[in-house]
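Remarks on the structure that follows.
Taken together, the values in this text are just the output of simple stated rules run on the coordinates, not laboratory data. Source: prediction; values computed, not measured. Here the Cβ positions follow ideal geometry from the backbone for every residue, glycine too, while neighbour counts run over all protein chains shown.
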Amino acid sequence: MFDVLMHLAWLILLPLPMLGLVTVVKSWIAGRRGPPLLQPFHDVVKLLRKGAVYSRTTTWVFAAGPVVALSSTVLAGLIVPMGSPSSPFGFSADVIVFAYLLGLGRFFTMTAALDTGSAFEGMGASREGAFAALAEPALFLALMILCVPAGGMSFGEAFAVLPASHGLLRSPGLLLAALALGVVLLAETSRIPVDDPNTHLELTMIHEVMVLDHGGPDLAFIQIGYALKLFVLGSVIVHLVLPIPADSWTGPAAFLAGQAGIAVAVGIIESVMARLRLSRVPQFLIGACVVAAVGVLVLFTGGRP
Amino acid sequence: MSLDADLLLLLVIGIDLFIGSTSRLGARIRACALQGLVLAALPLAIQGTGVLAEGERIVHTVLAVGATLILKAVVIPIFLLRAMRRSGVRREADPEHSLHLSLLLCGVLVGLSFWIGAVMLPPQAGSSPLGVPAGLATMLIGLFLTISGRTELTQVIGYMVLENGVFVIGQRLLGEFPLVVELGVLLDVLVAVMLMAILVVFTNRQHEQGADVAAETVGGGAP
């Protein structure tokens with residue numbers, strides 16, 4: 001019971017500050033003080049108090065987009081364990097459902113973008129679809145590396161096997177899986193080098209251009225869902241990299257430290273790298289697929305997974 | 001000790017993939033130097049099971065590490081970088097196929113070498129299971145880069161990668177590389193690279209004297 005409550009509390013409280021931490025890290029590196037850690041939270045509250053304007057060309061699909069995107073990400077967040085061995089919704093083969101819940105959210109975001117009838121948003125949706133299709137093999141191969149040693153297709157089983165036998169450095173396969181998942185995280189949450197969350201040039205935008213027509217509460221949902229996606233994918237990587245003890249105090253502490261580490265890492269990557277040229281992004285994602293595939297090969301060859 | 005060897009070999013494969021996917025010649029040469037550095041560390045991580053006495057083995061390891069470090073990680077890359085600057089070739093590799101395809105092919109080659117490694121040379125107890133696949137992958141990718149390169153410089157880099165693969169395979173197959181063979185290989189590489197670099201500079205001078213038209217037709221001949 002305590003575990004479930006803690007899980008829910010984290011899912012509600014932490015994603016937005018984590019997004020804020022990324023911005024703070026970026027500001028520090030650039031020599032600025034940066035916005036407060038809770039700035040994304042204030043933004044969302046501001047948006048929630050506004051009304052929404054809908055274009056006459058849109059249908060119910062447009063309104064459903066943000067809602068479905070947010071709720072599917074919440075569901076995905078309920079499936080992944082966060083600092084404890086189990087999760088509220090964990091069941092056998094939940095790994096597959098996890099991947100497709102992220103896909104469902106993306107599908108509705110894209111459909112809502114197409115529903116506006118705007119050329120720019122269609123362009124964004126097309127890019128999102130193309131890149132997501134390339135990121136998905138990497139995600140699945142990485143999840144395969146995670147699941148095969150456990151002999152089951154659920155996060156609970158997979159993570160339960162991990163800390164006993166290996167941490168990051170003990171297993172080359174897991175290292176590669178973590179790398180591939182890192183790239184998937186950057187692509188899914190549209191961070192640099194795949195997409196720039198701060199850009200306002202429509203020609204190069206991917207995620208931002210798709211949500212241009214959303215306003216008020218809809219935009220708030222999208223931003224919460226976006227922060228949540230970062231948090232959820234981050235927690236998979238944290239469990240993969242850090243040996244999280246099953247203890248009820250040190251486990252969560254290690255998990256929080258790991259999430260903060262991921263936010264800092266994303267911030268550092270954004271500070272030191274430029275956005276990739278659009279034509280080079282597929283190569284980046286294919287690289288992640290190849291890395292994950294090598295991880296699978298290592299897993300089957302290594303004998304020492 | 002197997003832990004370190006695994007990670008080093010993984011790094012070797014990673015560098016292969018990077019070389020196969022980047023278009024910057026300078027980045028390729030530097031990655032090659034990094035690979036040389038990793039290879040130099042490899043004899044330290046792999047414990048030989050040979051017949052040499054302890055003292056001899058230490059001398060042997062020091063020599064192998066030193067020679068690899070100096071030649072593969074310092075001398076040859078500096079030489080190639082200088083050749084690149086002097087000859088004024090285009091700083092980008094310009095392969096016949098797209099870099100996506102190249103990266104995918106490199107991935108396929110890695111998979112192939114894992115398969116060959118598993119079928120032909122099952123890992124011995126105590127040695128890293130990644131040794132043969134990493135070596136084979138490096139060799140195949142090196143070969144691929146050599147035959148797909150369009151300029152002398154990209155071919156030389158491919159050749160370097162191929163030699164690195166030979167080095168890894170040798171480490172794995174023999175446990176302890178006989179020093180003479182190793183030095184022979186290193187000298188071979190050095191001579192080959194020198195010849196190629198001279199060729200690069202020479203060809204370029206010829207082009208300068210001849211006409212830029214010739215360079216245009218060579219460079220822009222792709223359909």
Practice problem: Among A:Asp43, A:Asp94, A:Asp218, determine the one that fluctuates most according to a GNM of chain A built with springs between C-alpha atoms less than 10 Å apart. | Solution: A:Asp43
Quiz item: Alpha carbon centre of the range A:15-36 versus the range B:140-169: separation in Å?
Solution: 44
Quiz item: Using helices alone, what [θ] at 222 nm do you get for chain A, with -39,500 (n - 2.57) per DSSP H run of 4 or more residues, divided over all residues and rounded to the nearest 500?
Solution: -23000 deg cm²/dmol
Quiz item: So what's the gap between the Cα centers of the range A:240-305 and the range B:68-83, to the nearest angstrom?
Solution: 33
Quiz item: Anyone know which of A:Leu201, A:Leu276, A:Leu240 comes out most mobile in the 10 Å Cα GNM of chain A?
Solution: A:Leu201
Exercise. Assuming R0 = 41 Å, can you tell me the calculated FRET efficiency for the pair A:Phe91 and B:Val166, based on Cβ-Cβ distance, to the nearest 0.05?
Key: 0.25
Self-check item: Percentage relative contact order, chain A, counting C-alpha pairs under 8 Å, at least six apart
Solution: 29
Quiz prompt | 0 to 90° range, to nearest 10: angle between helix A:172-188 axis and chain A longest Cα axis | solution = 10
Quiz item: Based on Cβ point charges of +1 for Lys and Arg and -1 for Asp and Glu, what charge dipole magnitude is obtained for the range A:2-302 about its Cα centre, in debye rounded to the nearest 20?
Solution: 580
Self-check item: Two-site FRET efficiency, A:Ile29 against B:Glu56, from Cβ-Cβ distance with R₀ of 60 Å, rounded to 0.05
Solution: 0.70
Exercise. Compute the acute angle (0 to 90°) between the alpha-carbon long axis of helix A:60-79 and the principal axis of greatest extent of the alpha-carbon atoms of chain A; round to the nearest 10°.
Key: 20
Quiz prompt | With Cα atoms, 0 to 90° folded angle of helix A:15-29 axis to chain A main axis | solution = 90
Quiz item: Which one of A:Leu102, A:Leu13, A:Leu47 has the biggest mean-square fluctuation once chain A is modelled by GNM with Cα springs under 10 Å?
Solution: A:Leu13
Practice problem: Please give every one of the lysines within straight-line cross-link reach of A:Lys46, meaning a C-alpha to C-alpha distance under 23 Å, and leave out same-chain neighbours fewer than 8 residues apart. | Solution: A:Lys229
Quiz item: Under the definition of partner shielding as Cβ atoms of other protein chains within 10 Å of a residue Cβ, what is the mean value for peptide A:3-14?
Solution: 0
Quiz item: In what sequence do A:Thr59, B:Thr61, B:Thr151 fall when counting other Cβ within 10 Å, fewest first?
Solution: A:Thr59, B:Thr61, B:Thr151
Practice problem: Take peptide A:288-296, look around each residue's Cβ out to 10 angstrom, count Cβ atoms belonging to other protein chains, and average those counts. | Solution: 5
Quiz prompt | Gain upon complete extension [B:Val65, B:Ile78; 0.36 nm per residue less C-alpha separation] | solution = 2.8 nm
Self-check item: Separation of alpha-carbon centers, the range A:222-236 and the range A:95-164, rounded to whole Å
Solution: 12
Self-check item: Cα-Cα pairs of the protein assembly as shown separated by more than 43 Å (percent)
Solution: 27
Self-check item: Cα-based shape type of the range A:51-152, given that a ≥ b ≥ c are square roots of the gyration tensor eigenvalues and the cut on a/c is 1.5
Solution: oblate
Exercise. Per residue of A:274-280, count partner chain C-beta atoms within 10 Å of its C-beta, then hand back the mean as an integer.
Key: 1
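What full-extension length gain, to one decimal in nm, is calculated for A:His42 and A:Asn198 as 0.36 nm per residue of separation minus the Cα-Cα distance?
Using 0.36 nm per residue and subtracting the Cα-Cα distance, I get 54.4 nm.
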Quiz item: Given chain A reduced to its alpha-carbon atoms as identical point scatterers, what log10 I(q)/I(0) does the Debye formula return at q = 0.07, 0.13 Å⁻¹?
Solution: -0.26, -0.92
Self-check item: A:Phe120 paired with A:Leu256, simple spin-label distance in nm, labels 7 Å along Cα-to-beta-carbon
Solution: 4.1
